[in-house]
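The values are calculated or read from the model by the stated rules, or taken from the named source; none is laboratory data. Values in this document were obtained by computation on a predicted structure and should not be read as measured data. A quick note on method: Cβ atoms are made from the backbone with ideal geometry, for glycine too, and the neighbour counts reach across all protein chains shown. Remember, those area values only see protein heavy atoms, side chains included, never the ligands or the DNA or RNA. Shrake-Rupley method; radii C 1.70, N 1.55, O 1.52, S 1.80 Å.
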Amino acid sequence: MIAIVDYGMGNLFSIYNALLKVGGDPEIKRDPDFAGAAGIIIPGVGSFGRCMESLRRFQEALAERIAEGTPVLGICIGMQVMMDESEESPWARGFGWIPGRVVRLPEWVTVPQMGWNSLELKRDLELLDGISPGDMFYFVHSYHCIPYDKTAVVATTHYGVDMAAVVAEENIYGTQFHPEKSGPKGLRILENFVRMVRC
Amino acid sequence: MEALAGKAFISGYLLLTAMRDYAMIVPCLDVKVVGGVPSVVKGVKFVDLKRQGDPVEFARRYQEQGADELVFLDITASHEGRRTMVDVARRVADAVDVPFTVGGGISSIQGIKEILDAGADRVGINTAAVRDPDLVRSAARTFGSERITVAVDARRNTEIIPGVNVYELEDGRRAWFEVVIYGGREPTGMDAIEWCRRVERLGAGEILPTSMDRDGTNIGYDLPLTKAISDAVDIPVTASGGASTPQHILEAFTLGGADKALAAGMFHRGEYTVGQVKEYLRANGLRVK
């Protein structure tokens, strides 16, 4: 079973459906109880500060599962909260699982980025099996992640500047784009995740 | 000669600006709810509605054609309509993975939450934002700017009053753009350009300006309006109202500076597919997905 963390910001429908489509067995979790979860997804909804407020009560349970090796995938804001801090909500502390910070998109581009963009792949990762450079994914965001350890960046995209589009550190994964809104290529990433959590 | 060179420079610059990102095509479905049954209609200048079918079927068709996003507008904007739109959002989210916006008659945080919970990616607010601008701020804070679209219906007004932004029209006349609400029935006296700047400051994630002069006319977007708003704000702008040919859609990007182009009738009537329009844009040097 793949747990989708429901921290009360709504819109889990797309990710739930997408996981079903690729053969996963998603379950929406309103409480920090991840018993039986082979993988965990933190969907991306809302602002950094609001998300952290609502996610705080899941922190301990998530940290435990990460320590046990359960793959965790954060999407959009769900990836940003894995960093230490964000310019969006300077008062809020992130999870800090991947050391780094989240900054606003450069001022010379239209913000938010709301549309398709392609990836540049930096290294191999099982999560990106079947994804080729130039494949397009759907982004909706005003901020982007800067992990301090550059090897955590698996793929970048260019929007005003080069920025992290996929991050990974051991069993922690994040995508800045929405795989559940990115057509067949996005579904391929979720399918990879479903396969990875089964192994 | 100098003027000509200047013009070439400007259009080159506009083309470059448009090429910076992927040009996005957004089919729009006006939904009328009668007896709890939603059906897609296309208005001509907001009256004379023609019934055209099931919203979910349209969503499927446009996903197949390669639509980048979809917009569903409840044009009945009644209590019954809102309930039905929650159901439409759920069925659309179930049927397609194209990102979509739902708008029409949504006027509270609770109303926004219901639509987003049902699976919509974004909510469009229009009249409610004019009546209570703070709704934009609280909605953006609660759900994130990226999920809040402010739809602005605007009409050209050639009676210039002090304090408004004045633009030159195609025929050399001068006009300002006035915000109208309640589906175009009520003028507000508000300058649409200033209103867009304000909703951007309040946290709107994108602006969907619809020209009341052009909507349903098939003669092309109001490019001065689109350009004025694209220049005034830094958030994405979707051109809307009047498109009936791929050429119109191209102009929304190259001359209007829009990030997305919305169209309804030309797709609903089957005159063009989204794919054909994208081919045309690609042939004219724009990047499309």
Q) Has region B:210-230 got at least one residue that is open to solvent by 10 Å² or more (accessible area, probe 1.4 Å), at pLDDT 95 or above, over 15 Å from the mean Cα position of the chain (by Cα) and within 13 Å of another protein chain (Cβ to nearest Cβ)? A) no
**Q.** Residue selected from region B:49-65 under the condition free of Cβ contacts under 8 Å to residues at least 24 places away in the same chain and not in a loop (DSSP other than H, G, I, E, B), by the criterion nearest to the other protein chains (Cβ to nearest Cβ)
**A.** B:64
(Q) Condition first: assigned to a helix (DSSP H, G or I), buried (at least 20 other Cβ atoms within 10 Å of the Cβ) and within 11 Å of another protein chain (Cβ to nearest Cβ). Now tell me which residues in region A:175-189 satisfy that. (A) A:179, A:180, A:181, A:186
Q | Top-ranked residue of region B:107-123 - restricted to ones that are open to solvent by less than 10 Å² (accessible area, probe 1.4 Å) and not in a helix (DSSP H, G or I), ranked as nearest to the other protein chains (Cβ to nearest Cβ) | A | B:119
Q. For region B:150-254, which strands (runs of 3 or more DSSP E) that fit wholly inside it have 1 or more residues that are within 26 Å of residue B:286 (Cα to Cα)?
A. B:206-211
Q) (1) outside any strand (DSSP E or B); (2) within 27 Å of residue A:60 (Cα to Cα); (3) within 14 Å of another protein chain (Cβ to nearest Cβ): which one isn't true of residue A:195, the others all being true? A) (3)
Q.
All but one of (1) buried (at least 21 other Cβ atoms within 10 Å of the Cβ); (2) away from chain B (no Cβ under 12 Å); (3) within 25 Å of residue B:206 (Cα to Cα) hold for residue A:143; state the number of the condition that does not hold.
A. (2)
**Q.** Members of region A:77-135 that are of a type in the set (Asp, Glu), open to solvent by less than 60 Å² (accessible area, probe 1.4 Å) and in contact (Cβ under 8 Å) with a residue 40 or more places away in the chain
**A.** A:88, A:135
**Q.** Failed item in (1) open to solvent by less than 20 Å² (accessible area, probe 1.4 Å); (2) in contact with a Ser or Thr (Cβ under 8 Å, 6 or more places away or on another chain); (3) more than 30 Å from residue B:149 (Cβ to Cβ), with residue A:171 passing the rest
**A.** (1)
Q. Can you find a residue in region B:163-174 that is of a type in the set (Ser, Thr, Tyr) and either touching a Gly at 6+ places or on another chain (Cβ under 8 Å) or at pLDDT 95 or above (or both)?
A. yes
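Residues checked against (1) open to solvent by less than 40 Å² (accessible area, probe 1.4 Å); (2) small (Gly, Ala, Ser):
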| position | (1), (2) |
| --- | --- |
| B:131 | no, no |
| B:137 | no, no |
| B:146 | yes, no |
| B:168 | no, no |
| B:177 | yes, no |
| B:182 | no, no |
| B:188 | no, no |
| B:192 | yes, yes |
| B:205 | yes, yes |
Q.
Can you name every one of the strands (runs of 3 or more DSSP E) wholly within region A:70-136 that holds 3 or more residues which are within 27 Å of residue A:194 (Cα to Cα) and either of a type in the set (S, T, N, Q) or within 14 Å of chain B (Cβ to nearest Cβ) (or both)?
A. A:113-118
Q) Any chance region A:52-68 includes a residue that's under 24 Å from residue B:116 (Cα atoms), open to solvent by 20 Å² or more (accessible area, probe 1.4 Å) and within 14 Å of chain B (Cβ to nearest Cβ)? A) yes
Q) Hey, among B:68, B:97, which residue is assigned to a loop (DSSP other than H, G, I, E, B), open to solvent by less than 10 Å² (accessible area, probe 1.4 Å) and in contact (Cβ under 8 Å) with a residue 24 or more places away in the chain? A) B:68
Q. Where residues in region B:255-265 are assigned to a strand (DSSP E or B) and closer than 17 Å to residue B:150 by Cα, which of them is nearest to the chain's Cα centre (by Cα)?
A. B:262
Q.
Residue pairs, Cβ under 6 Å, 6 or more apart or interchain, first in region B:125-141 and within 14 Å of chain A (Cβ to nearest Cβ), second buried (at least 22 other Cβ atoms within 10 Å of the Cβ) and of a type in the set (Val, Ile, Thr). List them.
A. B:139/B:112; B:139/B:148; B:140/B:148
Q | Out of B:89, B:129, sole residue that is touching a strand residue (DSSP E or B) at 6+ places or on another chain (Cβ under 9 Å), small (Gly, Ala, Ser) and closer than 21 Å to residue A:76 by Cβ | A | B:89
Q) Hey, any hits in region A:147-156 for a residue that's part of a helix (DSSP H, G or I) and among the basic types (Lys, Arg)? A) yes
Q.
Tell me whether region B:264-285 contains one or more residues that are on the phi > 0 side of the Ramachandran plot and touching a His at 6+ places or on another chain (Cβ under 9 Å).
A. no
Q) Taking the stated definitions as given, is residue A:8 farther than 22 Å from residue A:195 by Cβ, over 16 Å from the mean Cα position of the chain (by Cα) and either open to solvent by 10 Å² or more (accessible area, probe 1.4 Å) or within 14 Å of chain B (Cβ to nearest Cβ) (or both)? A) yes
Q.
Filter region B:266-289 down to the residues that are open to solvent by 40 Å² or more (accessible area, probe 1.4 Å), within 14 Å of chain A (Cβ to nearest Cβ) and part of a loop (DSSP other than H, G, I, E, B) and list them by number.
A. B:287, B:289
